[in-house]
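The values are calculated or read from the model by the stated rules, or taken from the named source; none is laboratory data. Everything numeric here is computed off the predicted structure, so don't read it as measured data. Ideal geometry is used to build each Cβ from the backbone, glycine not excepted, and the neighbour counts take in all protein chains shown.
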Amino acid sequence: MNCNVLLTSGRTFHKFISNITENLSRPRAKFITDLICGIIFSGNLILTRIASKIPQPARLTLATMVM
């Protein structure tokens, strides 16, 4: 694959994430970023599969997030 395509895709994805999380606190923005990346990489909406695809180690705990 062309490196230019990957670079452009990465920039576009980063801009997309920045737009979604611009008014959120840092922990919430990280949660949303990890969630979206996990969904994309796992191709699934099952939380344990999403968590297993997050690039950084993550604890699989049940938490309620209030937005």
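Some points to look at:
- Sub-6 Å Cβ pairs linking a first residue in region 41-67 that is farther than 17 Å from residue 28 by Cβ and at pLDDT 75 or above to a second residue that is among the β-branched types (Val, Ile, Thr) and outside any loop (DSSP other than H, G, I, E, B), at least 6 apart or interchain, are 42/50, ordered by first then second residue.
- Residue, modelled with the lowest pLDDT, within region 2-22, restricted to residues that are farther than 19 Å from residue 34 by Cβ and surrounded by fewer than 11 Cβ atoms within 10 Å (Cβ to Cβ): 2
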